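*Asks:* Take a look at the following structure, please.
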Amino acid sequence: KEVETQQKLANVVILATGGTIAGAGAGAANSATYQAAKVGIEQLIAGVPELSQLANVRGEQVMQIASESITNDNLLQLGRRVAELADSNDVDGIVITHGTDTLEETAYFLNLVEKTDKPIIVVGSMRPGTAMSADGMLNLYNAVAVASSKDARGKGVLVTMNDEIQSGRDVSKMINIKTEAFKSAWGPLGMVVEGKSYWFRLPAKRHTMDSEFDIKTIKSLPDVEIAYSYGNVSDTAYKALAQSGAKAIIHAGTGNGSVSSRVVPALQALRKDGVHIIRSSHVNAGGFVLRNAEQPDDKYDWVVAHDLNPQKARILAMVALTKTNDSKELQRMFWEY
Ligand SMILES: NC(=O)C[C@H](N)C(=O)O
């Protein structure tokens, strides 16, 4: 009987990358002072014995780092391993444990490049496992629950934090000191309660199976950098980034991606030199940048990031530039993904 139940359970692989979910502090009161990426995957799995009721779970330690230190090479390495597992007949779902600082970037990257409809869930925690009211155990339990559910197939890469199921494309870390840290301007897709998922909406943008990008054909990612805008901003950072070899610069703009008159001439000149200028917004709750609003993008041959925040715009720009160097194609991709 027990063997029968075991066989009926989905096979879920947990790929561990580090972060606070694998963090450890000196004492239970240390919810914010701790070291990330300390605890190994076997210990994480052993810490949530209830996982075995949800799925046949096995773990792999892909890397062990805090997510602010993730490089493009790390992204490619992780993406390739996810693709291998997704191709395997004995894997039904994949969970990635990840630091929360760049979790939204990795989730969006995988959402663009993984050609599978199997559930891929990225999860982290805001408190280390050693702290009182640590959130990692339940977040991980929820991630495995969603990864093993048939309902989660074909919905793109998902993020389970704070009981919510978020689209990896839309979600962003909005605050760094609360467990209710991850939000999307367009709302969560669903909720996980006691290991069961409840869905309310679907992603509208192209992803995974419907994406024109494929991790298997991406050899490397081009250099795309971000320059932050504010009152009295100068053009120094933009010029320096271009000089160091950036193929595109994401303008992390004020308001609806507005550009200071002190910076406009430099950006026009950089575009003439072949660097793509992509206007996004760093407003907190979610930007919304439209073409030719604020700046004449058609005239300057610039691209707008629409609702993608600067760090997500960087991810799409890197992936898009592996396919095209045409600004009109880039803009199409920014509308579609
Ligand atoms: N909460 C966290 O996971 C933060 C940590 N710095 C990381 O991203 O790895």
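The values are calculated or read from the model by the stated rules, or taken from the named source; none is laboratory data. Remember, predicted model here, so these are calculated numbers, not experimental data. In this analysis, Cβ positions are derived from the backbone assuming ideal geometry, glycine residues included, and neighbour counts consider all displayed protein chains.
*Asks:* Starting from residues that are surrounded by fewer than 21 Cβ atoms within 10 Å (Cβ to Cβ) and either charged (D, E, K, R) or more than 16 Å from Ile218 (Cβ to Cβ) (or both), keep the ones in the range 67-84 and report whichever is farthest from the ligand (Cβ to nearest atom).
*Replies:* Glu84
*Asks:* Report whether or not Ile45 is within 20 Å of the chain's Cα centre (by Cα) and within 19 Å of Gly99 (Cβ to Cβ).
*Replies:* no
Here is a yes/no grid of residues against (1) within 30 Å of Thr33 (Cα to Cα); (2) without any contact (Cβ under 8 Å) to a residue 60 or more places away in the chain; (3) of a type outside the set (Val, Ile, Thr):
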| site | (1), (2), (3) |
| --- | --- |
| Phe182 | yes, no, yes |
| Gly187 | no, yes, yes |
| Met191 | yes, yes, yes |
| Arg201 | no, yes, yes |
| Asp214 | no, no, yes |
| Pro222 | no, no, yes |
| Ser234 | no, yes, yes |
| Ala248 | no, no, yes |
| His251 | no, yes, yes |
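Here is a yes/no grid of residues against (1) of a type outside the set (Ser, Thr, Tyr); (2) farther than 17 Å from Ala248 by Cα; (3) modelled with pLDDT under 95; (4) in contact with a His (Cβ under 9 Å, 6 or more places away or on another chain):
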site: His276; (1), (2), (3), (4): yes, no, no, no
site: Arg279; (1), (2), (3), (4): yes, no, no, yes
site: Glu294; (1), (2), (3), (4): yes, yes, yes, no
site: Asn309; (1), (2), (3), (4): yes, no, no, yes
site: Ala317; (1), (2), (3), (4): yes, no, no, yes
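*Asks:* Next question, about the same structure. Can you pull out every residue in the range 259-274 that is surrounded by 14 or more Cβ atoms within 10 Å (Cβ to Cβ), in contact with an Asp or Glu (Cβ under 8 Å, 6 or more places away or on another chain) and in a loop (DSSP other than H, G, I, E, B)?
*Replies:* Val259, Val263
*Asks:* Are any residues in the range 183-207 of a type in the set (S, T, N, Q) and more than 28 Å from Gln53 (Cβ to Cβ), and if so, which ones?
*Replies:* Ser184
*Asks:* Ok, one more. Can you tell me which residue is nearest to Lys239 (Cα to Cα) among those in the range 275-288 that are among the hydrophobic types (A, V, I, L, M, F, W, C) and assigned to a loop (DSSP other than H, G, I, E, B)?
*Replies:* Val275
*Asks:* Right, here's the next one. With a cut-off of at least 1 residues that are of a type in the set (Phe, Trp, Tyr) and more than 19 Å from Val113 (Cβ to Cβ), name the strands (runs of 3 or more DSSP E) lying wholly within the range 162-213.
*Replies:* 196-199
*Asks:* Can you name the residue in the range 160-190 that is under 19 Å from Met209 (Cβ atoms) and of a type in the set (A, V, I, L, M) and is also surrounded by the most Cβ atoms within 10 Å (Cβ to Cβ) among such residues?
*Replies:* In this case the residue turns out to be Ile165.
*Asks:* Okay, moving on. Quick one: which residue in Ala143, Ala237 is assigned to a helix (DSSP H, G or I) and under 16 Å from the mean Cα position of the chain (by Cα)?
*Replies:* Ala143
*Asks:* May I pose another question? So, in the range 37-66, exactly how many residues are within 16 Å of the ligand (Cβ to nearest atom) and β-branched (Val, Ile, Thr)?
*Replies:* The number of residues fulfilling the criteria is 4.
*Asks:* Next question, about the same structure. Tell me, please, whether a residue that is among the β-branched types (Val, Ile, Thr), closer than 26 Å to Ala313 by Cβ and within 14 Å of the ligand (Cβ to nearest atom) can be found in the range 148-167.
*Replies:* yes
*Asks:* Out of Gly40, Gly23, Gly19, I need the residue that is closer than 18 Å to Asn139 by Cα and touching a Phe, Trp or Tyr at 6+ places or on another chain (Cβ under 6 Å). Which one?
*Replies:* After ruling out the rest, the residue left standing is Gly23.
*Asks:* State which residue is nearest to Ser133 (Cα to Cα) when the search covers only the range 10-31 and only residues that are near the ligand (Cβ under 9 Å from one of its atoms) and in a loop (DSSP other than H, G, I, E, B).
*Replies:* Across the range 10-31, the extreme among qualifying residues is Gly23.
*Asks:* Okay, next question. Considering each residue of the range 85-118, count those that are within 16 Å of the ligand (Cβ to nearest atom), of a type outside the set (Ser, Thr, Tyr) and within 22 Å of Glu336 (Cβ to Cβ), and give that number. Even if it seems obvious, please write down each step before you answer.
*Replies:* Going through the range 85-118, the residues within 16 Å of the ligand (Cβ to nearest atom) turn out to be 95-109.
Cutting the leftovers down to of a type outside the set (Ser, Thr, Tyr) gives us 95-96, 98-99, 101, 103-105, 107, 109.
Now drop any that are not within 22 Å of Glu336 (Cβ to Cβ), which leaves 104-105, 107, 109.
Looking only at that region, the number is 4.
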